[in-house]
Structure formats: C-alpha cells, structure tokens
1. With a 1.4 Å probe and every protein chain left in place, work out the accessible area per residue of the chain in Å², rounded to a whole number.
2. When only alpha-carbon atoms count, how far does the range 47-100 stretch along each of its three principal axes, as whole angstroms with the largest first?
3. Using the Karplus equation 6.51 cos²θ - 1.76 cosθ + 1.60 (θ = phi - 60°), what ³J(HN,Hα) coupling, rounded to whole Hz, does each residue of the range 16-29 give in order, writing x for Gly and Pro?
4. Give me a comma-separated list of calculated 3J(HN,Hα) values for the range 108-116, in order, Karplus coefficients 6.51, -1.76, 1.60 applied at θ = phi - 60°, integers in Hz, x for any Gly or Pro.
5. Given +1 on the Cβ of Lys and Arg, -1 on the Cβ of Asp and Glu, and no further charges, what dipole in debye does the range 29-119 carry about its Cα centre, rounded to the nearest 20?
6. Order 68-74, 56-62, 39-45, 100-106 from most to least packed using the mean count of other Cβ atoms within 10 Å.
7. Could you compute the net charge surrounding Leu4? Neighbours are other residues with a C-beta less than 13 Å from the C-beta of Leu4; K and R count +1, D and E count -1.
8. If I model a spin label at Val5 and Ser54 as a point 7 Å from the Cα along the Cα→Cβ vector, what separation in nanometres do I get?
Amino acid sequence: QVQLVESGGRLVQAGGSLRLSCAASGGIFSNYAMGWFRQGPGKEHEYVASINWSGENTFYTDSVKGRFTISRDNAKNTVYLQMNSLTPEDTAVYYCATAPSPSVMLLPSEYDYWGQGTQVTVSS
C-alpha cells in the first residue's frame, strides 16, 4: 500500500514562491510516474504537472508553464513542485498522486494512490 504525504503549503503573497513536497512510502517509488493536481474553491479537480519515473520527462498544464517546476529525488522517495510567481488563481489544495506506470500520465483516472493534500493560499 503506497502512502503519500504532502507538505509545504501555506499562505503566501502574490508574486511569491513555495516548494511543495510529497513523500512516498510503501512502494517502489522509482518505478512510478508522479503527478500534482489541485482543486481550488468552487473549481473542479485540475491537473498541474507530472513527471516520469526517472525525472527526464515532465509535462505541465498551460497555466503553470514557466512558473512551476516538478522534480523528483528517487533516493528520498520524494517529488517536489517548485511554484514561482504565484497568483491568487493558484489558491487551491494541492495533491500528489502516483501512477502504476513509469511514463508521464495526464488524467486523474490514471493515478491510483493520492495524498491528503496541502493548502496553498495566495493573497493579492
């Protein structure tokens, strides 16, 4: 049973930066693609970014391209989301998830284990 624990979310001013972490346990972390999703107030669940097993391939939704960077450290069983130039529209609960595939996955349905989420609030 894979367990995922996100951390790093907090209140930050617009234009600021945050780094989210997601620590995994209970599985062979380096075998799986990882993803970040978010759900803002009154919004649907939204794909943010994903990374393949080695970290060589990444993919981002258009709204975060150039501002967010996903990375992973397989030795630490951890995936990160560096978020820069934050705007109030980035306010959401951020979730990490793992997919039963080494390749980048884009759809929530392709992910099988999810963390509990970490709240990011960006003030204007």
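1. Per residue, the chain has an accessible area of 50 Å².
2. On the principal axes, the range 47-100 reaches 33, 20, 19 Å in Cα extent.
3. x, 10, 9, 10, 8, 10, 9, 9, 10, 8, x, x, 8, 3
4. Each residue of the range 108-116 in turn: x, 5, 8, 9, 10, 10, 10, x, 7 Hz.
5. With only Lys, Arg, Asp and Glu charged at Cβ, the dipole is about 200 debye.
6. On the way: 68-74: 18.0, 56-62: 13.3, 39-45: 10.3, 100-106: 16.1.
Those peptides, ordered most packed to least, come out 68-74, 100-106, 56-62, 39-45.
7. Summing Lys/Arg as +1 and Asp/Glu as -1 gives -1.
8. A separation of 3.1 nm, rounded to one decimal place.
The values are calculated or read from the model by the stated rules, or taken from the named source; none is laboratory data. Just so you know, these numbers come straight off a predicted model, no measurement behind them. Please note: Cβ atoms are built from the backbone with ideal geometry, for glycine as well, and neighbour counts cover all protein chains shown. Please note that ligands, DNA and RNA were not included when accessible areas were found on the heavy atoms of the full protein model with its side chains. Shrake-Rupley method; radii C 1.70, N 1.55, O 1.52, S 1.80 Å.
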